[in-house]
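**Q** Handing you a structure now.
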Amino acid sequence: MRFAAPAAALAIVFAMTASVGQSDDHVTDPRAAALVAQGHAAIAAGQPEKAVDAYEAALAVDPAATGIFLDLAEAARLNGLQGKAIRYYRLALEREPDNLAALSGEGAALVEKGAVEKARRNLAKLQSMCGDKCPETSQLAAAIAKGPQQRVLTAEAVLPDAVVTQKN
């Protein structure tokens with residue numbers, strides 16, 4: 001009888017810990033949630049640089065939020081920084097190895113970077129985890145079918161070097 005109250009309290013703690021561990025979108029701090037919302041608004045407005053600032057601030061406020069890494073990765077991809085996006089996806093996968101969105105996003109970034117074979121490994125993982133009907137699987141399969149992005153060469157990139165000569 002003496003142990004009933006502590007046992008009940010311990011059971012509640014374990015139940016809460018288990019439910020928090022199963023959460024996909026752990027953003028508990030309201031300040032972080034507000035910053036994430038600002039980042040989403042910046043993405044919608046076509047300003048991925050401002051979104052990165054908001055997401056990084058949110059991550060500083062709530063470093064346990066894996067979803068913020070996914071948001072940072074998406075903003076990096078929109079900025080054309082696939083290598084940085086892959087790093088953010090891998091940080092998310094270190095925290096949650098079975099995160100389907102991180103596997104799919106990393107695979108899409110790998111395709112954009114030209115590493116199609118590595119992306120196919122991610123696709124195989126996704127297919128084994130959730131099958132072909134999963135939205136993440138179909139998104140990555142579509143990205144692989146589309147292939148790597150073609151690099152666009154701008155006129156500024158091919159300007160000849162200016163040579164100054166002196167006339168006598």
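**Q** Could you tell me which residue of segment 92-125 is modelled with the lowest pLDDT, considering only residues that are within 18 Å of Lys146 (Cβ to Cβ) and of a type in the set (Asp, Glu)?
**A** Glu117
**Q** Another question, then. From (1) touching an Asp or Glu at 6+ places or on another chain (Cβ under 9 Å); (2) at pLDDT below 85; (3) part of a helix (DSSP H, G or I), pick out the condition that doesn't hold for Ile144.
**A** Looking at each condition in turn, Ile144 falls short on (1).
**Q** Additional query: When segment 57-71 is examined, which residues are found to be surrounded by fewer than 16 Cβ atoms within 10 Å (Cβ to Cβ) and free of Cβ contacts under 8 Å to residues at least 24 places away in the same chain?
**A** Ala60, Pro63, listed by residue number.
**Q** In segment 1-55, how many residues are modelled with pLDDT of 50 or more and either closer than 25 Å to Ala102 by Cβ or surrounded by 10 or more Cβ atoms within 10 Å (Cβ to Cβ) (or both)?
**A** Residues in segment 1-55 being modelled with pLDDT of 50 or more and either closer than 25 Å to Ala102 by Cβ or surrounded by 10 or more Cβ atoms within 10 Å (Cβ to Cβ) (or both): 31 in total.
**Q** For residues that are crowded, with 24+ Cβ neighbours inside 10 Å and under 20 Å from Ser128 (Cβ atoms), tally how many sit in segment 72-91.
**A** Of the residues in that region, 1 qualify.
**Q** Of these, Ala119, Ala102, which one is within 22 Å of Lys84 (Cβ to Cβ) and under 13 Å from the mean Cα position of the chain (by Cα)?
**A** Ala102
**Q** Can you pull out the helices (runs of 4 or more DSSP H) entirely within segment 27-118 that have at least 1 residues that are in contact with a Leu (Cβ under 8 Å, 6 or more places away or on another chain) and among the aromatic types (Phe, Trp, Tyr)?
**A** 48-61, 66-78, 82-95
The values are calculated or read from the model by the stated rules, or taken from the named source; none is laboratory data. All values reported here derive from a predicted model rather than from experimental measurement. Neighbour counts are summed over all protein chains in view; Cβ atoms, including those assigned to glycine, are modelled from backbone coordinates with ideal geometry.
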